[in-house]
Structures are given as C-alpha cells and as structure tokens.
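Can you keep this structure in mind? I'll have questions shortly.
The values are calculated or read from the model by the stated rules, or taken from the named source; none is laboratory data. Bear in mind the structure is a predicted one, so any value in this text is a computation, not a measurement. Methodologically, a virtual Cβ is constructed for each residue, glycine included, from the backbone with ideal geometry; neighbour enumeration extends over all protein chains shown. Remember, those area values only see protein heavy atoms, side chains included, never the ligands or the DNA or RNA. Shrake-Rupley method; radii C 1.70, N 1.55, O 1.52, S 1.80 Å.
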Amino acid sequence: MCKGLAALPATCLKSAKDMKHRLGFLLQKSDSCDYSSSQGKKEKIPSSQRVSQEEVRKWADSLENLIHHDRGLAAFRAFLKSEYSEENIEFWVSCEDYKKTKSPAKLSPKAKKIYDEFISVQATKEVNLDSCTREKTSHNMLEPTLSCFDEAQRKIFTLMEKDSYRRFLKSPYYLDLVSPPGAGCRPENCKRSHTHTLDCNSNIISQCA
C-alpha cells in the first residue's frame, strides 16, 4: 500500500492533502453553525414573558394603562428614547419611586437628587415645566414631603398624554405589537400571525426592560 502511494506523482499527493484539509475545515464550520443555531434557540424569549394582544390593546385606552404595565412602560421609554425625550418618563418614574419612600430621613436627599436632575435650571435632564410650577416645586424643597413633586408630576403626565403618547400609538413601537382590530386578512397582514407579531417586537421591549 505504501509503495503504491510512493509511486504516485507528487502533484496527486498534494491534491489529496489539500482535499483532506478542506474537508476538515468544512466539518469544523458545520459544527460551529450548529452551535450558533443552538445558542440562538436558547436566547429566544419564553412565551410566558410575552404580552397578550388583549393587554397590548388596553395600552391604547389610556397613558395610565400603558405606563403602569412593566412591558408597556419599557416600550414607551424605548419610543421616547428614539425621540431624545426620555427625561419626561424618567422624571415620572422617579416621582413614583420617591412616593414609596418609607424613611423620613431619606426624603430630603432623594428629593434633592430628583430636583437637581430634572427641575433645576442647571438640570442635566430638565423637564418642561411652567415657571409657576417650577417655583412652587422649588419652594417645596425647603421641607420635602412625599407630595412635594405631585403637581410637577401631573404637569409632565399631561404633557406626555397630549403629545408623545399619541405619537407612540401611531409608531412601530406600538403598532408592531398589536394587530389593528378588524384588519382581517389584508395582504399586508396575512404574512404575519398573532404570535409572530409579538415575537418580532419582543426585542424592542427587551432592550429597555
């Protein structure tokens, strides 16, 4: 057998070695693809974490329904971030968290942090408040209470409700999560099912949840 190989021309032996090398490379590539595929399946969001169509439709009833649902809040934040106006929802969330403060000793430092970040003239994420509300909130900082940001929070909520919330409902951040009622099986809707609609957009919510 060895003599037979030795008798072969050097070019044939080189071709055989090249073929062996290529086969080895292809096998390694195949293994790598299989691994990547399995990894992709593991990263798929469990069905238990998806939002039902019924729940998503409730978000269109009111801004309150939307931002009091964890997934709805995450989707709305992602939308506002895309518009570079996430300071409004961040202020609202900070106020909600502040009102849950149980220790009186923590009220003043937490209130100052919120004021410096969102209300002060030099705030890094200044929200759009009228001068009267800003002045009243500034006065409340002298003796912070659980309700010291209530008026400012209501103003920002109303602002979002009349402006960004309406745009959100018309944006892909919401429309891609819910099939329009009565849409039927028009050509543009037939290609994606109820489940597919939620799967495709779970990434949007996951990025900010």
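Among what's in region 117-148 and is of a type in the set (Val, Ile, Thr), closer than 26 Å to Lys81 by Cβ and open to solvent by 60 Å² or more (accessible area, probe 1.4 Å), pick the residue that is nearest to the chain's Cα centre (by Cα).
Among those that are of a type in the set (Val, Ile, Thr), closer than 26 Å to Lys81 by Cβ and open to solvent by 60 Å² or more (accessible area, probe 1.4 Å), it is Thr124.
Do we have Glu151 as touching a Lys or Arg at 6+ places or on another chain (Cβ under 6 Å), open to solvent by 20 Å² or more (accessible area, probe 1.4 Å) and assigned to a helix (DSSP H, G or I) here? Steps first, answer last, please.
Working: touching a Lys or Arg at 6+ places or on another chain (Cβ under 6 Å): no; open to solvent by 20 Å² or more (accessible area, probe 1.4 Å): yes; assigned to a helix (DSSP H, G or I): yes.
Criteria not met by Glu151.
Of all residues being under 13 Å from Glu64 (Cα atoms) and touching a residue at least 12 places away in the same chain (Cβ under 8 Å) in region 160-178, which is most open to solvent (accessible area, probe 1.4 Å)? Just the residue, please.
In this case the residue turns out to be Glu161.
Another question, then. Please work out if Ile114 is surrounded by 14 or more Cβ atoms within 10 Å (Cβ to Cβ), modelled with pLDDT of 95 or more, touching a Ser or Thr at 6+ places or on another chain (Cβ under 6 Å) and assigned to a helix (DSSP H, G or I).
It is true that Ile114 is surrounded by 14 or more Cβ atoms within 10 Å (Cβ to Cβ), modelled with pLDDT of 95 or more, touching a Ser or Thr at 6+ places or on another chain (Cβ under 6 Å) and assigned to a helix (DSSP H, G or I).
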